[in-house]
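Visitor: Below you'll find the structure I mean.
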Amino acid sequence: MSQAIAAFKQSQALSLGVELELQLLSVRDFDLTRGATDLLGSMDYDGCFGEIKLEITESMIEVSTLPRTFVDGIAGDLVGLRQTLVRQCARNHIAVCGGGTHPFHRWSERRICPGDRFAEIYQRYGYLAKQFTVFGQHIHVGCASGDDAIWLTQALAPYLPLFIALSASSPFVDGEDTLFQSARLNAVSAFPLSGQCPALRDWSEFLEHFSLLQSCGIARSIKDLYWDVRPKPEFGTVEIRVCDTPLTVERAAALAALAQSLVRHLLRTRPPLDTQRHLHVARYNKFQACRYGLDALVSDPVGRRQLPLRQIGRQLLAVLAEDAGELGCSAWLELLDASLSVEVSDANWLRRRQACHGNLNEVVREAAMRFGRPEHTPCAEGSR
């Protein structure tokens with residue numbers, strides 16, 4: 001049954017929320033394990049850092065922070081959620097880790113989680129639902145209005161290759177090196193409503209567009225829109241959906257800082273948009289970022305040229321310095337800036353561990369160890 005879109009909830013502009021989809025692992029061989037329902041059923045957790053909930057298959061768990069004004073608050077929630085989950089997983093004799101794909105699991109062995117929504121997805125999409133056992137980070141940024149959310153959905157689109165490259169952590173699929181930095185998005189792209197938001201003027205035109213999709217039987221609810229960026233009216237946010245789940249929560253917080261700083265800059269400067277022209281190159285640019293990461297060459301349809309993504313990233317971080325300073329998250333962006341200067345990426349880390357061990361089970365074991373321990377965290381600028 002089709003669902004009407006909720007009224008756009010008023011939220012604090014530039015507030016943040018982060019969701020992470022995480023892997024549940026057997027401590028015997030570090031393959032995925034079917035533990036999500038039992039894990040949640042045995043969990044004693046008061047929700048003080050946000051939610052811990054089921055995702056589509058029993059080998060996944062999703063954590064989501066509380067809405068926060070500053071990135072430091074997001075980082076604190078992610079650390080608390082990590083500690084809670086790692087501790088509870090240990091009690092259940094399982095492990096947990098980040099990464100956009102599990103390097104060697106078999107999709108046919110996955111089990112769909114209980115729930116009407118998950119059952120509907122399985123009936124509608126068949127085997128794609130089990131292949132959707134991939135793991136992403138979603139970043140929500142608060143918007144003052146639905147019109148702002150639709151404008152940002154389009155204004156953010158040209159910057160998505162950078163988010164893909166900075167989060168890339170899925171080089172292995174089915175036990176093989178894919179040669180991609182982020183292979184996860186190939187699974188997402190199989191869904192019929194994946195991709196980009198069309199050129200829309202405002203919230204009213206978005207509602208007209210979605211009504212058309214519903215009338216044609218294409219979409220039943222807004223959850224059927226697997227867009228790379230989409231409005232989330234029940235939260236009052238715009239949601240960036242292209243990131244792989246990083247191997248650490250610290251990197252996840254840094255990506256949230258990039259999103260918040262970029263949205264502030266875009267709303268402050270209101271650059272003219274050429275959405276229709278950017279749509280012509282969006283799929284190609286996404287492929288480039290997934291395949292080559294920060295070494296990608298992406299197409300600029302306005303300047304009719306190609307540019308190195310690494311150069312674009314350096315220039316953008318310089319432009320965002322003022323906004324990051326005002327938001328108290330400059331130190332978080334410095335963590336990402338290091339990735340632009342040297343080959344520091346999660347995908348490359350995974351490949352180096354595979355070269356060292358020659359064994360993907362050991363790679364996943366080390367990824368779980370890395371996820372469970374704290375890394376360097378910037379000073380709490382945003383706690384003021």
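Visitor: Tally up the residues in the range 226-242 that are farther than 18 Å from E21 by Cα and among the hydrophobic types (A, V, I, L, M, F, W, C), please.
Guide: 2
Visitor: Go through V96, V86 for me and flag whichever is open to solvent by less than 10 Å² (accessible area, probe 1.4 Å), in contact (Cβ under 8 Å) with a residue 40 or more places away in the chain and among the β-branched types (V, I, T). Walk me through how you get there before you give the answer.
Guide: Working: V86 fails: open to solvent by less than 10 Å² (accessible area, probe 1.4 Å).
Exactly one of V96, V86 is open to solvent by less than 10 Å² (accessible area, probe 1.4 Å), in contact (Cβ under 8 Å) with a residue 40 or more places away in the chain and among the β-branched types (V, I, T), namely V96.
Visitor: For residues in the range 20-36 being touching an Asp or Glu at 6+ places or on another chain (Cβ under 6 Å) and of a type outside the set (A, V, I, L, M), which is most open to solvent (accessible area, probe 1.4 Å)? Walk me through how you get there before you give the answer.
Guide: Taking the range 20-36 and keeping what is touching an Asp or Glu at 6+ places or on another chain (Cβ under 6 Å), we get 21, 34, 36.
The next check asks that each one be of a type outside the set (A, V, I, L, M); those that pass are 21, 34.
On the way: E21: 20, R34: 110 Å².
Here the answer is R34.
Visitor: Determine, yes or no, whether G47 is under 30 Å from S261 (Cα atoms) and within 18 Å of the chain's Cα centre (by Cα). Give the derivation first.
Guide: On the way: under 30 Å from S261 (Cα atoms): yes; within 18 Å of the chain's Cα centre (by Cα): no.
No, not satisfied.
Okay, residues lined up against (1) of a type in the set (K, R); (2) free of Cβ contacts under 8 Å to residues at least 12 places away in the same chain:
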position: Y292; (1), (2): no, no
position: L307; (1), (2): no, yes
position: D323; (1), (2): no, no
position: S330; (1), (2): no, no
position: S341; (1), (2): no, yes
position: R351; (1), (2): yes, no
position: V364; (1), (2): no, no
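Visitor: Within the range 99-121, work out how many residues are open to solvent by 60 Å² or more (accessible area, probe 1.4 Å) and under 26 Å from G175 (Cα atoms). So that I can check it myself, show each step before the final result.
Guide: Just the residues of the range 99-121 that are open to solvent by 60 Å² or more (accessible area, probe 1.4 Å), to begin with: 106-109, 111, 114, 116-117, 120.
So of that shortlist, the ones also under 26 Å from G175 (Cα atoms) come out as 106-109, 111.
The qualifying residues number 5.
Visitor: Checking the conditions here, which among T69, T84, T65, T57 is touching a Leu at 6+ places or on another chain (Cβ under 7 Å) and of a type outside the set (F, W, Y)?
Guide: Values: T69 fails: touching a Leu at 6+ places or on another chain (Cβ under 7 Å); T84 fails: touching a Leu at 6+ places or on another chain (Cβ under 7 Å); T57 fails: touching a Leu at 6+ places or on another chain (Cβ under 7 Å).
Residue meeting the stated conditions: T65.
Visitor: Run down L66, L81 and say which single residue is under 20 Å from L247 (Cα atoms), at pLDDT 95 or above and under 22 Å from the mean Cα position of the chain (by Cα).
Guide: Details: L66 fails: under 20 Å from L247 (Cα atoms).
None of the other options fit; the residue is L81.
Visitor: For R124, work out the one condition from (1) modelled with pLDDT of 95 or more; (2) open to solvent by 40 Å² or more (accessible area, probe 1.4 Å); (3) not aliphatic (A, V, I, L, M) it doesn't fulfil.
Guide: Here R124 clears every test but (1).
Visitor: Restricting to the range 310-344, name every residue that is open to solvent by 40 Å² or more (accessible area, probe 1.4 Å), within 16 Å of L262 (Cα to Cα) and either more than 21 Å from the chain's Cα centre (by Cα) or among the basic types (K, R) (or both).
Guide: Within the range 310-344, R314, Q315, A318, V319, A321, E322, E326 qualify.
Visitor: Pick from A144, A155: which is buried (at least 16 other Cβ atoms within 10 Å of the Cβ) and among the hydrophobic types (A, V, I, L, M, F, W, C)?
Guide: On the way: A144 fails: buried (at least 16 other Cβ atoms within 10 Å of the Cβ).
Within the list A144, A155, the selection yields A155.
Visitor: Among the candidates L279, L297, L212, single out the residue that is without any contact (Cβ under 8 Å) to a residue 12 or more places away in the chain, hydrophobic (A, V, I, L, M, F, W, C) and surrounded by fewer than 24 Cβ atoms within 10 Å (Cβ to Cβ).
Guide: Values: L279 fails: without any contact (Cβ under 8 Å) to a residue 12 or more places away in the chain; L297 fails: without any contact (Cβ under 8 Å) to a residue 12 or more places away in the chain.
Unique residue meeting the criteria: L212.
Visitor: May I pose another question? Name the residue that is farthest from G328 (Cα to Cα), counting only residues in the range 260-312 that are in a helix (DSSP H, G or I) and touching a Phe, Trp or Tyr at 6+ places or on another chain (Cβ under 7 Å). Reasoning before the result, please.
Guide: We begin by selecting, within the range 260-312, every residue in a helix (DSSP H, G or I); these are 260-269, 275-295, 309-312.
Imposing the further condition that a residue be touching a Phe, Trp or Tyr at 6+ places or on another chain (Cβ under 7 Å) reduces the set to 262, 290-291.
Numbers: L262: 13, C290: 30, R291: 33 Å.
The residue in question is R291.
Visitor: Only residues in the range 370-383 that are farther than 14 Å from D72 by Cβ and modelled with pLDDT of 75 or more count as the first member; pair them with residues that are open to solvent by less than 60 Å² (accessible area, probe 1.4 Å) and small (G, A, S), Cβ under 9 angstrom, at least 6 apart or cross-chain, and list the lot.
Guide: Partner pairs satisfying both residue conditions: R370/G98; F371/A95; F371/G98; F371/G99; G372/A95.
Visitor: Determine which member of the set L262, L273, L258, L307 is surrounded by fewer than 23 Cβ atoms within 10 Å (Cβ to Cβ) and under 24 Å from S182 (Cα atoms).
Guide: Details: L262 fails: surrounded by fewer than 23 Cβ atoms within 10 Å (Cβ to Cβ); L273 fails: under 24 Å from S182 (Cα atoms); L258 fails: surrounded by fewer than 23 Cβ atoms within 10 Å (Cβ to Cβ).
Only one candidate passes the filter, namely L307.
Visitor: If you don't mind, another one. Just checking, how many residues over the range 37-63 are open to solvent by 40 Å² or more (accessible area, probe 1.4 Å) and assigned to a loop (DSSP other than H, G, I, E, B)? Can you show your working first?
Guide: The initial filter retains those residues of the range 37-63 that are open to solvent by 40 Å² or more (accessible area, probe 1.4 Å), namely 37-38, 40-42, 44-46, 48-49, 51, 53-54.
From what is left, the residues that are assigned to a loop (DSSP other than H, G, I, E, B) are 42, 44-46, 48-49.
Of the residues in that region, 6 qualify.
Visitor: So, one more: Residue under question is T133, and the condition is that it be closer than 18 Å to G293 by Cα and either open to solvent by less than 20 Å² (accessible area, probe 1.4 Å) or acidic (D, E) (or both); does it hold? Before you say what the answer is, go through the steps one by one.
Guide: Numbers: closer than 18 Å to G293 by Cα: no; either open to solvent by less than 20 Å² (accessible area, probe 1.4 Å) or acidic (D, E) (or both): yes.
Considered against the rule, which asks whether it is closer than 18 Å to G293 by Cα and either open to solvent by less than 20 Å² (accessible area, probe 1.4 Å) or acidic (D, E) (or both), T133 comes out as no.
Visitor: Kindly indicate the residue of the range 118-161 that is over 18 Å from the mean Cα position of the chain (by Cα), in contact (Cβ under 8 Å) with a residue 40 or more places away in the chain and in a loop (DSSP other than H, G, I, E, B) and also nearest to D31 (Cα to Cα) among those meeting that condition.
Guide: Ranking the qualifying residues of the range 118-161, first place goes to C143.
Visitor: A355: open to solvent by less than 40 Å² (accessible area, probe 1.4 Å), modelled with pLDDT of 95 or more, outside any strand (DSSP E or B) and out of contact with any Phe, Trp or Tyr (no Cβ under 6 Å at 6 or more places or on another chain), yes or no?
Guide: Details: open to solvent by less than 40 Å² (accessible area, probe 1.4 Å): no; modelled with pLDDT of 95 or more: yes; outside any strand (DSSP E or B): yes; out of contact with any Phe, Trp or Tyr (no Cβ under 6 Å at 6 or more places or on another chain): yes.
No: the conditions fail for A355.
Visitor: Which of the residues spanning the range 215-244 are open to solvent by 20 Å² or more (accessible area, probe 1.4 Å) and part of a loop (DSSP other than H, G, I, E, B)?
Guide: C216, G217, I218, R220, E234, F235, listed by residue number.
Visitor: I would also like to ask the following. Somewhere in the range 68-77, is a residue surrounded by 19 or more Cβ atoms within 10 Å (Cβ to Cβ) and assigned to a loop (DSSP other than H, G, I, E, B)? Steps first, answer last, please.
Guide: First, pick out the residues of the range 68-77 that are surrounded by 19 or more Cβ atoms within 10 Å (Cβ to Cβ): 68, 70-77.
Among the residues that remain, those that are also assigned to a loop (DSSP other than H, G, I, E, B) are: 70.
Yes, the range 68-77 contains at least one residue that is surrounded by 19 or more Cβ atoms within 10 Å (Cβ to Cβ) and assigned to a loop (DSSP other than H, G, I, E, B).
The values are calculated or read from the model by the stated rules, or taken from the named source; none is laboratory data. All values derive from a computational prediction rather than experimental measurement. Neighbour counts run over all protein chains shown; Cβ positions are idealised from the backbone, glycine included. SASA here: full protein model, heavy atoms, side chains in, ligands and nucleic acids out. Shrake-Rupley method; radii C 1.70, N 1.55, O 1.52, S 1.80 Å.
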